[in-house]
1. Greater than 20 Å separation of Cα atoms is the criterion. Which listed pairs, LYS221/LYS360; LYS80/LYS216; LYS242/LYS419; LYS13/LYS360, meet it?
2. About the Cα centre of the range 89-235, what is the dipole size in debye to 20, counting +1 per Lys and Arg Cβ and -1 per Asp and Glu Cβ, all else neutral?
3. What part of the accessible area of the chain, given as a whole %, is carbon or sulfur when the probe is 1.4 angstrom?
4. Go ahead and set up a Gaussian network model of the chain, Cα springs under 10 Å, then flag whichever of SER279, SER258, SER176 fluctuates most.
5. Please list 194-207, 130-143, 25-38, 397-410 highest first by mean number of surrounding beta-carbon atoms within 10 Å per residue.
6. Using a probe radius of 1.4 Å on heavy atoms only, what accessible surface per residue do you get for the chain? Whole Å² is fine.
7. What is the distance in Å between the Cα centroid of the range 50-73 and that of the range 335-402?
8. Roughly how tilted is helix 383-394, in degrees to the nearest 10 and between 0 and 90, from the longest Cα axis of the chain?
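The values are calculated or read from the model by the stated rules, or taken from the named source; none is laboratory data. Computed from a predicted structure; not experimentally measured. A quick note on method: Cβ atoms are made from the backbone with ideal geometry, for glycine too, and the neighbour counts reach across all protein chains shown. Just the protein is used for accessible areas: all its heavy atoms, side chains included, with ligands, DNA and RNA removed. Shrake-Rupley method; radii C 1.70, N 1.55, O 1.52, S 1.80 Å.
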Amino acid sequence: MQTDAQPKQSTVKVVRAAIVGTVVEYYDFGIYGYMATIIASLFFVSENDTAALLGTFATFAVAFFLRVPGGIFFGHIGDKYGRKNALSWTILLMVVATAAMGMMPTYVTLGVWATAILVLARCLQGFAAGGELGGANAFVSESAPARWRAFQTSMVNSGTYLGSLVASLTALALTSLFTHDQIMSWAWRIPFLLSVVIGVVGIWIRNHMEDTPQFKELEDKGETAKVPVKELLTSSGPALVKIIFLGALITGGYYIASVYAATYLQKAGGQSSTVAFLSTSLALVLGVITLPIAGYLADRYGRKPVLFSGTVAAVVLGVPMFMLMAGGSVWQAVVGQSVLFIAVSVVNGASYVTYVEMLKASVRYSGLALGNNITNMALGGTAPFIATWLIDITGNNLAPAFYFVFCALLTLGAIFFVKETKGIELRVD
């Protein structure tokens, strides 16, 4: 009994450190998306509102292209020099980039240079985010008991939702407490500068954690990979491809159902910004609740049944829920967005543990980071831009629904090529 108790106690600290850091990272990364309509007016001046919004979402997407080199860079550090070192640097860089956004001059002051500085800060955000979620999941999974591995990795992913929730609530508070003129004048900076406060907490917690037993074992034996990404591609290429396609719904679907949906509810559903942010906040709360439940079910019944059920729900309900969101009433907005987000969350609760269990320890950080970020680059970061563009060229407000379903179908197809990994011991070599 004593041997079980000690790992359990240390696991609590590990999960806490991972969650807090992930909350900080995804608050910083998400606040830009939730402030999209405001940023469009401040940094992308145009006579056409759609063109300005497309510029804002294009910059949102650019950060995701930097996530791939960020994932390779931090994956190299995490697999060669330790998970802790990589995770400490990701959060520091993210805080610096977000705080810079809150202090920079706008288009009125610097013209196009203000836009350029914003894009550079957003790129730094993307580079830092590239090493976060995969590393945090590798860190937790390598410390978790096999029987609770899905549950504990799902808790890490709840940190991404909590970070987005805090960002959404902050945007809601901003629009509720300040007038439009105040927001456009100075108050828009507040959400970005808050990053410094919450970031210091995350940095302190991460600097006081120890590395995982599996990494220490590799390091002691001198078996860490010299060039992790090279070893990943040569020894675990098929696993990497599966991770890329499995992640389609929890990346593309996630950003459609959360970040873009806040804009969609205002543009297509005719809702106020307050209703849009309230609906998004509620969807995120339900997602936070759903994630650990899905993780528990994945530990009890297997990874594939949970992945399959959530993905099928997304395929079947995608279009009907977007029809609800465009219906015009508050209850339709809330129900439509919440159902979509719950479906994504069910899949998310079992996804990362599946990734972890397909990779060996020497390339686990790199595999998680690279696979997740390739999908994010291709489907996630571009999702708000593509959704806005699809509506513009087709004139059909349901166009984003088909993109959501497309992402779900990619994940559904990948599930059939994945073996059940419930209960296995993590691979060291």
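1. Cα-Cα > 20 Å for LYS13/LYS360; rest within.
2. Details: 9 positive and 10 negative charges, 51 e Å.
Dipole about the Cα centre, nearest 20: 240 debye.
3. Values: 11110 of 16230 Å².
Its accessible area is 68 percent carbon and sulfur atoms.
4. Checking each option, the largest mean-square fluctuation is seen for SER176.
5. 130-143, 25-38, 397-410, 194-207
6. Accessible area per residue: 38 Å².
7. 15
8. Result, in degrees: 40.
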